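Asks: So that we are looking at the same thing, I have put the structure below in C-alpha cells.
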Amino acid sequence: MTDQNTGTMHYVDRLGLRYGGAELVLTSNAAEGVLRPVPGPQHPVGEHDVVLLGWSSWGGGMMAVHAMLIHADGDSIALTGELTFTGDRHNTSFIVRRDGEQRVLLGIPQPPEAVHEPDDWALNLGADRAEPLKIDAIRQLPFVDAERRPTDTVYTANLAPRGEPPARVAWIAATANGFSIVDAPR
C-alpha cells in the first residue's frame, strides 16, 4: 500500500452508511492519506444528527480515533463534519460524555512529555484538508482534570492497551453544527 515499511495498517476500504433509502459511501485512499475508520459506536446530537466514532492506523505504533458527524433527514444522509486525533496507541482515545440531548463531549488525553513519533501527532477539527494541530499546538489545548463521571465511557481501538483512563483531557464539543474546543465541561 505504501513504499515504506510502516507496519500493519487498519482501515476500511469502503464505509457504507444507510438511512431510509439513502446511502452514503466513504472510501479510503491510502495514497492520498485518506483512511476511513473501522466504525464504532454512535451518539445522537439532536434529532437528525449523530457522531459516529471509529479508528484507523497507519502502523508503526500510531493510530487515529475519528468522530464523524452524520446528518440524516428524510431520504438523505451526509457527512457534515470530521474530527481526527492521531497519536501513539498508548495515548490515543476519547473520553465520551453526554452533555444534554444536543451535545456530546469528546475528551482527548494530554500527551505525556515523551511520545512516540512526535512529528506524526495531529488533531484535525476541520473538513477535508484543513491544516491539523501538531504536537506543540495539541500540548497548548486547555487540558483539565478529567473528573470522571459514572456515565463517561472510554473509546479506543481494540489494539490499544486497556488501563486507567487519562487523568487530564482537553474537551471537544460535538454538536449538529460541528466540532469545537471547549474550556471545561458543564
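Asks: Given the conditions (1) under 18 Å from the mean Cα position of the chain (by Cα); (2) within 29 Å of residue 144 (Cβ to Cβ), and given that residue 46 satisfies all but one, which numbered condition is not satisfied?
Replies: Just one mismatch for residue 46, condition (1).
Asks: Sticking with this one: Show the residue pairs meeting these rules: Cβ distance below 6 Å; 6+ apart or different chains; first residue within region 26-44 and farther than 11 Å from residue 10 by Cα; second residue modelled with pLDDT of 90 or more and among the small types (Gly, Ala, Ser).
Replies: Matching pairs, first to second residue: 39/54; 40/54.
Asks: Only one of these is loosely packed, with under 14 Cβ neighbours inside 10 Å and within 18 Å of the chain's Cα centre (by Cα): 132, 150, 142. Name it.
Replies: 142
Asks: Please indicate, with yes or no, whether at least one residue in region 17-39 is touching a helix residue (DSSP H, G or I) at 6+ places or on another chain (Cβ under 7 Å) and either at positive phi or surrounded by 17 or more Cβ atoms within 10 Å (Cβ to Cβ) (or both). First the steps, then the outcome.
Replies: We begin by selecting, within region 17-39, every residue touching a helix residue (DSSP H, G or I) at 6+ places or on another chain (Cβ under 7 Å); these are none.
Checked region 17-39: no residue is touching a helix residue (DSSP H, G or I) at 6+ places or on another chain (Cβ under 7 Å) and either at positive phi or surrounded by 17 or more Cβ atoms within 10 Å (Cβ to Cβ) (or both).
Asks: Of the residues that sit in region 76-111 and are charged (D, E, K, R) and assigned to a strand (DSSP E or B), which one is farthest from residue 145 (Cα to Cα)?
Replies: Only one residue tops the list, namely 82.
Asks: Here's another thing I want to ask about it. Hey, can you tell me all the residues within region 47-75 that are part of a strand (DSSP E or B) and of a type in the set (Gly, Ala, Ser)?
Replies: Selection gives 54, 56, 57, 59, 64, 67, 72.
Asks: Just one of 9, 62 is open to solvent by 30 Å² or more (accessible area, probe 1.4 Å) and over 25 Å from residue 177 (Cβ atoms); which is it? Show your work before the answer.
Replies: Details: 62 fails: open to solvent by 30 Å² or more (accessible area, probe 1.4 Å).
The match here is 9.
Asks: May I pose another question? With (1) open to solvent by less than 60 Å² (accessible area, probe 1.4 Å); (2) farther than 19 Å from residue 38 by Cβ; (3) touching a His at 6+ places or on another chain (Cβ under 8 Å) as the list, and residue 99 as the residue in question, which single condition is left unmet?
Replies: Result: residue 99 passes all but (3).
Asks: Related question: Here is a list of conditions, (1) under 29 Å from residue 27 (Cβ atoms); (2) under 11 Å from the mean Cα position of the chain (by Cα); (3) of a type outside the set (Val, Ile, Thr), and residue 107 meets all of them except one; can you say which number that is?
Replies: Every listed condition holds for residue 107 apart from (1).
The values are calculated or read from the model by the stated rules, or taken from the named source; none is laboratory data. Predicted model, so just to flag it, every value in this text is computed and none were measured. All Cβ positions, glycine included, derive from the backbone under ideal geometry; neighbour counts span all protein chains shown. Side chains included, ligands, DNA and RNA excluded: accessible areas come from the protein's heavy atoms. Shrake-Rupley method; radii C 1.70, N 1.55, O 1.52, S 1.80 Å.
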